[in-house]
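Asker: Shown below is the structure under consideration.
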Amino acid sequence: MVHTLAVDTDEVYERVVTGVAALEGTEPVELPPLFDAIDPDALATVFETTASGRRRSGTVEFTYAGHQIHVSFDETGDTVVTID
């Protein structure tokens with residue numbers, strides 16, 4: 001089953017942890033550190049606006065707490081976090 005979650009935060013790493021915690025029925029602090037799966041700072045900066053002012057787009061996939069995480073960014077600045 002795949003879940004796409006809309007979490008009220010701009011930080012991608014918070015969306016991942018909060019989403020997995022919701023699916024697991026636990027508090028985010030009960031999950032393993034996200035850093036064990038991916039560097040949260042790197043995840044946040046991968047698709048930042050370039051020096052020329054253009055937004056980057058693409059996809060990052062990784063496994064966290066037994067879930068496949070798919071983060072998509074588009075040129076409009078929209079970020080979609082999907083947890084499988």
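Asker: Is one or more of the residues making up segment 23-45 surrounded by fewer than 16 Cβ atoms within 10 Å (Cβ to Cβ), touching an Asp or Glu at 6+ places or on another chain (Cβ under 7 Å) and in a loop (DSSP other than H, G, I, E, B)?
Answerer: no
Asker: Starting from segment 57-69, take each residue that is on the phi > 0 side of the Ramachandran plot and list its partners that are part of a strand (DSSP E or B), counting only C-beta distances under 7 angstrom and pairs at least six apart or across chains.
Answerer: These pairs meet every condition: Gly58/Phe73.
Asker: Those residues that are exposed (fewer than 13 other Cβ atoms within 10 Å of the Cβ), assigned to a loop (DSSP other than H, G, I, E, B) and at pLDDT 90 or above, I need them from segment 46-71; list them, please.
Answerer: Scanning segment 46-71 gives a single hit, Gly66.
Asker: Is it the case that segment 63-72 has a residue that's out of contact with any Pro (no Cβ under 6 Å at 6 or more places or on another chain), of a type in the set (Phe, Trp, Tyr) and farther than 19 Å from Val20 by Cα?
Answerer: No, segment 63-72 has no match at all.
The values are calculated or read from the model by the stated rules, or taken from the named source; none is laboratory data. None of these values were measured; they are calculated from a predicted model. Neighbour counts run over all protein chains shown; Cβ positions are idealised from the backbone, glycine included.
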